[in-house]
Amino acid sequence: MICGAGSLACKPAFQPAFLMIADKPAGRPARSQDWLPHPPRTKMIHSLIQYALLVFGLMGSLALFLSMKREIRIHAYKTAIRMAEIAAQQPVFVAALPRSGMNASKRVQAMRMLRRNEDISHISAALGVPRKEVELLIRVQQVVAATALKVTAAAD
């Protein structure tokens, strides 16, 4: 504390800034907010800046959301067009895998059915082979039988 010889009141040597009353023009009375570290206008400006940044952030997020939604719609539209093009094309038929033809057991069964004088269509249906294969089997059997007769006749 500094106390002057002629002063009646003592003043502190250091006074914090927030306790000091701002220099006021002559004739203006001191206000109660003059001692505050930040006047109310400054606090209001800081609050407004924070809210403005929040608004801009939310607007940016909304813009990103809407652009992503637009991109998804465009992609869905393009995909629908591709699907319509594919559906409009002529269907492509893939040939079925060839079934195994007549194996030895089927040949034996076919020959037994032939000896019992069953019809060719009945034989093909019973064995699950095409009619043409049964007809081919009959012709091959006839050729083999004819060749066997010729060989045995020539040997005698």
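We did not get these values from a lab; they are worked out from the coordinates using the rules stated. Since the structure is predicted, the reported quantities are computational estimates derived from the model, not experimental observations. Using ideal geometry, Cβ is built from the backbone for each residue, glycine included, and neighbour counts are taken over all protein chains shown.
Annotation for Ala87 and Leu48: the two label points, set 7 Å from Cα along the Cα-Cβ direction, are 5.8 nm apart.
As a proxy for reagent exposure, ranking Asp156, Asp119 by other Cβ atoms within 10 Å from fewest up yields Asp156, Asp119. Applying a DSSP loop filter and a limit of 15 other Cβ atoms within 10 Å to the chymotrypsin sites (Phe, Trp or Tyr not before Pro) in region 59-156 leaves Phe93. At q = 0.11 Å⁻¹, what is the base-10 log of I(q)/I(0) for region 83-156 according to the Debye formula with one equal point scatterer per Cα and no solvent? Please give it to two decimals. So the normalised log intensities work out to -0.46. Between the DSSP loop rule and a limit of at most 13 other Cβ atoms within 10 Å, which GluC sites (Glu not before Pro) in region 62-156 are left? Passing both the DSSP loop test and the Cβ count: Glu118.
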